[in-house]
Amino acid sequence: MILLVDDQADVRFMLSLFLQDEGMDFDEAASGEEALEKLATNHYDLVLLDQRMPPGISGIEVAERVRTIGTSTPIVLYSAFLDPQVEQKAADLGLRTVDKGEPDRLIEAIRATLV
């Protein structure tokens with residue numbers, strides 16, 4: 001089960017189509033805060049997490065909180081705006097990063113992470 005986290009409903013819809021086409025089961029969260037609530041009460045094999053989710057907490061902040069509570073759930077961080085600092089923080093947290101505009105690479109990252 002994958003937790004898909006993105007503040008934009010249209011992006012969640014598009015990504016859900018990709019996940020469905022790949023035969024993957026998923027749940028959705030519309031904010032970092034909602035994702036943290038779901039992660040506290042459910043088990044997920046992977047979190048697919050948008051970096052930029054205004055006005056709430058960012059994807060990196062969600063990942064930091066997840067790691068702080070000791071959860072080792074794999075996380076793939078995606079964004080159309082990945083800068084070197086974010087990518088370094090992501091690497092330090094053990095996350096994979098993918099450009100949002102490359103859905104094929106996103107699916108590859110999901111598959112590689114779930115193996």
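The values are calculated or read from the model by the stated rules, or taken from the named source; none is laboratory data. In this text, all values refer to a predicted model and were calculated from it rather than measured experimentally. All Cβ positions, glycine included, derive from the backbone under ideal geometry; neighbour counts span all protein chains shown. For the accessible areas, the whole protein counts, side chains as well, though only heavy atoms, and no ligand, DNA or RNA atoms are used. Shrake-Rupley method; radii C 1.70, N 1.55, O 1.52, S 1.80 Å.
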Next on the checklist: For the range 89-115, which positions are free of Cβ contacts under 8 Å to residues at least 12 places away in the same chain, within 16 Å of Q51 (Cβ to Cβ) and open to solvent by 100 Å² or more (accessible area, probe 1.4 Å)?
Outcome noted: D92, R105
Checklist entry - How many residues, within the range 25-37, are closer than 19 Å to E108 by Cβ and open to solvent by 60 Å² or more (accessible area, probe 1.4 Å)? => result 1
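Residues checked against (1) out of contact with any Ser or Thr (no Cβ under 9 Å at 6 or more places or on another chain); (2) at pLDDT below 95; (3) not charged (D, E, K, R):
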position	(1), (2), (3)
V5	no, no, yes
L19	yes, yes, yes
E22	yes, yes, no
F26	no, no, yes
E34	yes, no, no
L46	no, no, yes
V66	no, yes, yes
V76	no, no, yes
S79	no, yes, yes
Checklist entry - Out of curiosity, is S58 touching a strand residue (DSSP E or B) at 6+ places or on another chain (Cβ under 8 Å) and under 16 Å from Q8 (Cβ atoms)? => result no
Checklist entry - When the residues of the range 1-12 are filtered to those that are part of a loop (DSSP other than H, G, I, E, B) and open to solvent by 20 Å² or more (accessible area, probe 1.4 Å), which remaining residue is nearest to I69 (Cα to Cα)? => result M1
Next on the checklist: Just to be sure before I move on: is L15 in contact with a helix residue (DSSP H, G or I) (Cβ under 8 Å, 6 or more places away or on another chain), outside any helix (DSSP H, G or I) and surrounded by 12 or more Cβ atoms within 10 Å (Cβ to Cβ) in the structure I sent?
Outcome noted: no
Checklist entry - Taking the range 38-66 only, how many residues are open to solvent by 60 Å² or more (accessible area, probe 1.4 Å) and farther than 20 Å from V115 by Cα? => result 9
Item to check | Pairs with Cβ under 9 Å, 6+ apart, first in the range 65-79 and more than 16 Å from A91 (Cβ to Cβ), second in a loop (DSSP other than H, G, I, E, B) | outcome: R65/I57; T73/H43; T73/Y44; T73/D45
